[in-house]
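Take a look at the structure below.
Where a number appears in this text, it was derived from the coordinates with a stated rule and is not lab data. Every value quoted in this text rests on a predicted model; they were computed, and no experiment measured them. FYI the Cβ positions are ideal-geometry reconstructions off the backbone, even for glycines, and counts take in every protein chain you see.
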Amino acid sequence: MAERTGLVTMPTHVRAADFGHVLVLIDYHSGRVQGLLPAAAEGFREAARTGWSRPLGEQLHTRLLAAGLLTPAESAVAWSLTIAHSARASWGSTEHSAGTARPSRVPVRHLLSAAGALTAVASIKAAGDRRTAMRRIVRYLRLATSTTRRPVTLEEATAAVGAIRAAGWYSPGRTACLEESAAVVLLLAARGLTVAWCHGIAADPVRLHAWVQTEDGTRVGEPDSTLAYTPLLVIGARHQHRN
C-alpha cells in the first residue's frame, strides 16, 4: 500500500547534507554516497518536507528506493536534512594542503596499546562483507562508548590521538582518518573514557572526514581546515545526532 501511494521516508542510518547547490546522501550501513544535483536536490527537499515521493519523479524515486537511501512509509511524515557549511564554488582552483608529518615519539607501552586498537579496527573491517564495513565500525563504536565511565579530557584525548598516529606510521595497512579516529575511540573506551567520534562532510569538492572531539566540541589534533566539515554522525557524546 505504501509503495502504491508514493509515501517514503529516509532510513535512520542515512544522512542527508544540504549544501544548497548540491545535496549528498550517506548510507552508514553500506558506506554508499550519492550526490544530487540542483533539480534532483530540490525534489528531495520537497519530498523531505511532505513525505511524498511525487517531487522526486519516477526515475529518481525508483533509484533511491533500490539503493536503500529511501524506504516506503506507511504515513506522510517529514524527515530532516542537515544544512551543511556551504562553500563558494572555486571551480577547482582552491588548494588543499596534503601530506603526512612524522608523528612525535611516544612511550613503547602506549605505542603497543595504540597498535592493538588499530588492529581491532582492521579486524572489524575485515570480519565480513567489505560493503558493510562502515556499518560494523559504527556498531562497535556505539558499543564501545556505551561502556565508558567519564568524558575524556583534552590532554587525554590529545595523547591518545598522538599514540594512534605514531602506531599508524608503522602500520602496513590503510591508516587514514576513519581508522585513526575509530582506533582512538576504542583505545580510550578500554580505559573507561568517552570521546565524541564525528563523521562529516565538506564541499568543493565534496569530501568526507572522520575525527574525534571532546564533550565541549574541541576537535583533537585537527587543523583549522576541519572546521569546514559539517558533522553528520556523532557517537559518544551527549549532543549525538539522530541515531
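In the stretch 108-235, Cα pairs under 8 Å separated by at least six residues give a relative contact order of 28 percent. Return a whole-number percent for the relative contact order of the chain, with Cα pairs under 8 Å and 6 or more residues apart as the contact set. In percent, rounded to a whole number, it is 20. For R105 and Y170, the difference between the fully extended length at 0.36 nm per residue and the C-alpha to C-alpha distance is 22.2 nm.
Once the Cα-Cα distance is subtracted from the 0.36 nm per residue extended length, the E156 to Q59 segment shows a gain of 29.9 nm.
The stretch between D224 and T12, if pulled fully straight at 0.36 nm per residue, gains 73.3 nm over its current Cα-Cα span.
Protection proxy ranking of 127-133, 200-206, by the mean of other Cβ atoms within 10 Å over each peptide's residues and highest first, is 200-206, 127-133. Taking a ≥ b ≥ c as the square roots of the eigenvalues of the Cα gyration tensor of the stretch 7-83, is the shape rounded (a/c under 1.5), prolate (a/b larger than b/c) or oblate? Here the stretch 7-83 falls in the rounded category. Distances between every pair of Cα atoms in the stretch 49-206, grouped in 5 Å steps from 0 to the bin holding the largest one, split as 1, 7, 13, 14, 14, 14, 13, 10, 7, 5, 2, 0 percent. Ranked for footprinting exposure by Cβ neighbours inside 10 Å, fewest first, Y28, Y229, Y170 give Y170, Y28, Y229. Across the options A160, H21, W211, the greatest Cα extent toward the positive end of the charge dipole of the chain (unit charges at beta carbon of Lys, Arg, Asp, Glu) belongs to A160.
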